[in-house]
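The values are calculated or read from the model by the stated rules, or taken from the named source; none is laboratory data. Everything numeric in this text was worked out from a predicted model, so none of it was measured. Using ideal geometry, Cβ is built from the backbone for each residue, glycine included, and neighbour counts are taken over all protein chains shown. These accessible areas exclude ligands, DNA and RNA; they are computed on the full protein's heavy atoms, side chains included. Shrake-Rupley method; radii C 1.70, N 1.55, O 1.52, S 1.80 Å.
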Amino acid sequence: MYDQLRRLWLRLEDAFSTPFGQSVNPWYHLGAITFYLFWVVAVSGAYLYIFYRTGVHEAYQSVEDLTNVQWYAGGLMRSMHRYASDGMVLTMLLHLVRNFGTGRFRHFRWFSWVSGILLIWLVYACGINGYWLVWDRLGQFIAVATTEWFGWLPVFSEPLERNFLVQTNVSDRFFTLLSFAHVSLPLLLLLFMWLHTKRINSAETFPPRPLAAGVVLMLVALSLLHPANSQGGADLGFVGSIGLDWFFLAPYPVLYAASPGALWALLAASTVLLVTLPWLLRRPPKQPVEVHLDNCNGCAGCYEDCPYSAIAMRPRQDGRPYELEPVVQPELCASCGICVGSCPFSMPFRSGVLISGLELPGLPLAVIRAETDRALATLQGSSRLVVYGCDHGLDVSQLRQRDVAAISLPCIGMLPPAFVDYALRDGRAQGVLVVGCRAGDCHFRLGVNWIEQRLQRRRPPYLRQRVSQELVELCWAGTPDEQRALTSLAQLRTRLAAIGDRQRRIAREQTS
Ligand code: HEM
């Protein structure tokens, strides 16, 4: 059931790859979009701040003037500020759901997950504080409701909401404090966003340019079509309904449908549940990668490529004539093997025992070489192909045929380019298909990028010049994308057949 739902979800996500292209699919960049929306909120907010008056009597009017007098600038900025904030809530929550649904929350990811929960609280605090600042009927409702809610906590001795029941109770100083909070809270949010991504190597904090442009265009269009407005100045005599922004204010109805205590209980229980999920749904961790200094020249390729910054470089300690050596921090290691693929000692051509500078205890390189040899030996037919795949993308065993061998690795980034050379050596295989997770959605973030760059000779270790790139096909396919891989396989066969024809023609021309 879970697998079926997952496949259905992945298919739905893939539908967005048709208009956007796989690597620009917004589902694969939700964290980056959230980050980007923060900057839109910050820039539009900075503009609004220039004109905002912090006095209790001036606040509402200054926002009204921004909206109506300079609708083309202030009004637009106000709407962008509001919709980008709503967008942040939406993409942040989708980012949460997606990371959970794809199992990206346990083990080495616990820090990103737990810091993410803290970000939810901060984003909500910023947004609610912002609505308060407008000091319209909604602002006043939020003021009274929030103080009723907080007043329930035993730390407050007298009901806080009294401060907002009479207009004269609300002072200019209090408004200055609120607007100070509206600068400090986003700064704190930024600090925690930085912490959230600190442990991640080359974190994607800016979405692909077409997405960034599309997001701003959408916000401008929405702002022009449906400008953000106030709901009348704060008025204690007002009786009637108030429109809520459900992105930020959805918890408020619970206050009145149940009680402040119930809302606290609900939020506390959800926070505790979310924070403890990485441990509640823990799975047996895989063994972390091991360093073999005898086969390491301290090139730092593993350090550069590790997606979770689990490898540090320190001065060499074994007396060998190299400057540095890698050290693995086991609690950060994803056991993805990307560092094995980046090691120049991952050389299957070496005779005798094959040990690289880094080895996954659960899947040493020697085993992958033996598997490659075994698979190649069983191939029959004239077009013999090898498929290297990844355990988290398409199950490549489905592609096996009498002339197609398939080997799966923990991540396609674990594949050293020398293995492609090795498989093609002496015509044992005619072509190699490399299958990784969907572009932009690599389970270990960077495996797909690194293997593509290594095979295209843009990142070390490079695929050797003697290997024609025509013999290698790349395919980025998720669990349900069997058809995509079959198409790539067919393309590779067609290309190999054309190469064969070309070679036969040249041979004929040379002999005649
Ligand atoms: C302001 C809100 C947030 C922002 C701006 C944000 C941004 C990001 C970014 C930029 C990344 C790195 C993406 C990459 O390069 O692969 C990331 C990763 C991550 N985020 Fe968030 N995030 C936010 C909230 C959350 C929340 C609420 C959760 C879940 C509770 C969460 C969980 C994670 C996890 C688990 C990762 C690591 C994913 C992986 O290892 O593949 N984030 N986030």
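Quick notes on this one:
- Contacts under 8 angstrom Cβ, first residue in the stretch 369-389 being closer than 14 Å to Pro416 by Cα, partner aromatic (Phe, Trp, Tyr), 6 or more apart: Arg369/Phe419; Arg369/Tyr422; Thr372/Phe419; Thr372/Tyr422; Tyr388/Phe419
- Single match in Gly393, Gly341, Gly362 (criterion: surrounded by 22 or more Cβ atoms within 10 Å (Cβ to Cβ) and over 23 Å from Arg466 (Cα atoms)): Gly393
- Among the conditions (1) open to solvent by 60 Å² or more (accessible area, probe 1.4 Å); (2) under 25 Å from Gly427 (Cα atoms); (3) among the acidic types (Asp, Glu), the only one that Asp373 does not satisfy is (1).
- The stretch 247-263 - residue that is exposed (fewer than 14 other Cβ atoms within 10 Å of the Cβ) and not small (Gly, Ala, Ser) and, of those, nearest to Ile128 (Cα to Cα): Pro253
- Among the residues making up the stretch 349-358, those that are open to solvent by less than 30 Å² (accessible area, probe 1.4 Å) and either under 9 Å from Gly337 (Cβ atoms) or of a type in the set (Gly, Ala, Ser) (or both) are Ser356, Gly357, Leu358.
- Helices (runs of 4 or more DSSP H) within the stretch 13-131 that include 3 or more residues more than 10 Å from the ligand (Cβ to nearest atom) and in contact (Cβ under 8 Å) with a residue 40 or more places away in the chain: 30-51, 58-68, 76-101
- Meets criteria (under 23 Å from the mean Cα position of the chain (by Cα) and open to solvent by 10 Å² or more (accessible area, probe 1.4 Å)) for Tyr308: yes
- In the stretch 33-80, residue surrounded by the most Cβ atoms within 10 Å (Cβ to Cβ) [restricted to those that are aromatic (Phe, Trp, Tyr) and farther than 15 Å from Leu190 by Cβ]: Tyr60
- Residue pairs meeting the criteria (Cβ under 9 Å; at least 6 apart or on separate chains; first open to solvent by 70 Å² or more (accessible area, probe 1.4 Å) and more than 10 Å from the ligand (Cβ to nearest atom), in the stretch 180-198; second of a type in the set (A, V, I, L, M) and part of a helix (DSSP H, G or I)): Leu188/Leu122; Leu188/Ala125
- Output for the stretch 376-390, where each listed residue is of a type outside the set (D, E, K, R) and crowded, with 20+ Cβ neighbours inside 10 Å: Leu385, Val386, Val387, Tyr388, Gly389, Cys390
- Pairing each residue of the stretch 218-230 that is part of a loop (DSSP other than H, G, I, E, B) with any residue that is acidic (Asp, Glu), provided the two are 6+ apart or on different chains, yields C-beta distances under 8 Å for Ser230/Glu64; Ser230/Asp136.
- Any hit, the stretch 4-20, residues being of a type in the set (Asp, Glu), open to solvent by less than 20 Å² (accessible area, probe 1.4 Å), more than 24 Å from Ala228 (Cβ to Cβ) and more than 14 Å from the chain's Cα centre (by Cα): yes
- The residues in the stretch 435-462 that are open to solvent by 10 Å² or more (accessible area, probe 1.4 Å), among the basic types (Lys, Arg) and away from the ligand (no atom under 11 Å from the Cβ) can be counted, and the count is 3.
- Per the listing Val432, Val420, Val467, Val472, the residue uniquely open to solvent by less than 70 Å² (accessible area, probe 1.4 Å) and more than 20 Å from Leu394 (Cβ to Cβ) is Val467.
- Among the residues of the stretch 301-356, those that are of a type in the set (S, T, N, Q) and more than 16 Å from the ligand (Cβ to nearest atom) comprise Gln317, Ser342, Ser346, Ser351, Ser356.
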